[in-house]
Amino acid sequence: MKISDKLKNNNGKPAVSLEIFPPKKQEAFLNIGDLLKRLKSVSPEFISVTCGAGGSAAHRNKTIELASRIKNEFGIESMAHLTCIASTPESIEAELKEIEASGIDNVLALRGDIPKDGFDISKIEYNYAYELIEKIKNESGLCVAAAAYPEGHIDCEDLEASVEYVKLKQDAGADFFVTQLFFSNEYFYRFMEIADRKNITAPIIPGIMPMMTKSQISNMIFTCGASLPSALIKLLNKYENNPDNLLKAGIEYAGKQISDLSRHGVRGIHIYSMNKPEIAEQLAVCV
Ligand code: FAD
């Protein structure tokens, strides 16, 4: 089923969705059923599966294989991420055929980060996600989601322009949006006001990731430009040497973010559970 239809039919409660990644190690990939069983107990409306932007065809196929298992073996709606920065029209057409043949109805269309090592930028055929969205809409009947950035995309200094590029993705056919993580809901509410002003009418689902470790947080700040509010910095400082308490505090903080977003009437909450079922379990109940 198309997620855009699910979002129309919700019962007033935000739809919970989860995000996971295909494990690199074959053994972990083959044992992913244990994770999916636990995630199913959370009753997510859908689970999305990440995809490496510069990854090999074999690794990208794992995204489709996992999204297909989620849908066909576990009966949960799934969404395969699809990046285009290293793709050709032919490779996208092949992936779309495989996605549809696997019974998957939804994709998250992304540009992907430009790979750092040994990547020839003169060979790029798709510079922006909106070009991929147009291609998917022309070539398939899939429901297409796209990314939105409450604090603006890290490469774009102007928030207004960043939101205009989100509008461009809606105009290209995006059916709904999932946001980058953020640690202060004020950024999301400000983004929603600008989006409203720019006539973005497709549903926008906020994405929440709890603070888990200090290195994960510093990695996030530099890769996606998310701001750290002082309340979170104080928790990092307090539990610097106690990883268990840091994780507990991170989940509690994210839970409060989710409860506040739910009270503000968001259409859904996307939990970046990243293959940790305990995170999905503890945060889904905050919706
Ligand atoms: P775009 O929307 O194309 O934007 C890319 C940059 O170009 C931005 O700075 C934007 O402001 C600018 N821009 C857009 N249009 C124009 C234009 N017309 N003219 C000038 N500038 C323009 N990455 C992965 O590799 N794999 C994943 O599975 C993955 N999953 C993600 C899931 C979510 C929910 C989110 C929010 C991000 C995810 N990413 C993933 C990261 C994403 O690939 C990066 O943030 C990437 O740098 C941008 O992708 P995009 O689709 O938003 O690109």
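The values are calculated or read from the model by the stated rules, or taken from the named source; none is laboratory data. Being a predicted model, the structure only gives us computed values, none of them experimental. In this analysis, Cβ positions are derived from the backbone assuming ideal geometry, glycine residues included, and neighbour counts consider all displayed protein chains.
Which of the residues spanning the range 258-279 are within 21 Å of N11 (Cα to Cα), surrounded by 14 or more Cβ atoms within 10 Å (Cβ to Cβ) and not hydroxyl-bearing (S, T, Y)? Residues satisfying the conditions are I258, D260, L261, V266, R267, G268, I269, H270, I271.
I32 meets each of the listed conditions (1) more than 15 Å from the ligand (Cβ to nearest atom); (2) under 29 Å from H264 (Cβ atoms) apart from (2). The set of residues in the range 217-235 that are hydrophobic (A, V, I, L, M, F, W, C) and either in contact with a Gly (Cβ under 7 Å, 6 or more places away or on another chain) or more than 16 Å from the ligand (Cβ to nearest atom) (or both) comprises I217, L228, A231, L232, I233, L235. For the range 6-31, a residue qualifies if it is under 22 Å from G103 (Cα atoms), over 16 Å from the mean Cα position of the chain (by Cα) and without any contact (Cβ under 8 Å) to a residue 60 or more places away in the chain, and the qualifying residues are K8, N9, F29, L30, N31. Restricted to the range 39-93, and to residues there that are among the acidic types (D, E) and surrounded by 18 or more Cβ atoms within 10 Å (Cβ to Cβ), the residue that is farthest from Q180 (Cα to Cα) is E77. Being crowded, with 20+ Cβ neighbours inside 10 Å, in a strand (DSSP E or B) and in contact with a helix residue (DSSP H, G or I) (Cβ under 9 Å, 6 or more places away or on another chain), is that true of even one residue in the range 162-177? Looking for residues that are crowded, with 20+ Cβ neighbours inside 10 Å, in a strand (DSSP E or B) and in contact with a helix residue (DSSP H, G or I) (Cβ under 9 Å, 6 or more places away or on another chain), one finds at least one in the range 162-177, hence yes.
One residue stands out in the range 230-257 among those that are assigned to a loop (DSSP other than H, G, I, E, B) and surrounded by fewer than 16 Cβ atoms within 10 Å (Cβ to Cβ): the one that is modelled with the lowest pLDDT, namely E240.
Of everything in the range 114-152 that is within 12 Å of the ligand (Cβ to nearest atom), in contact with a helix residue (DSSP H, G or I) (Cβ under 8 Å, 6 or more places away or on another chain) and assigned to a loop (DSSP other than H, G, I, E, B), the residue that is modelled with the lowest pLDDT is I114. Test S102 against the criterion of being at pLDDT 95 or above, away from the ligand (no atom under 11 Å from the Cβ) and not charged (D, E, K, R), and give yes or no. Taking the combined requirement at face value, the residue satisfies it.
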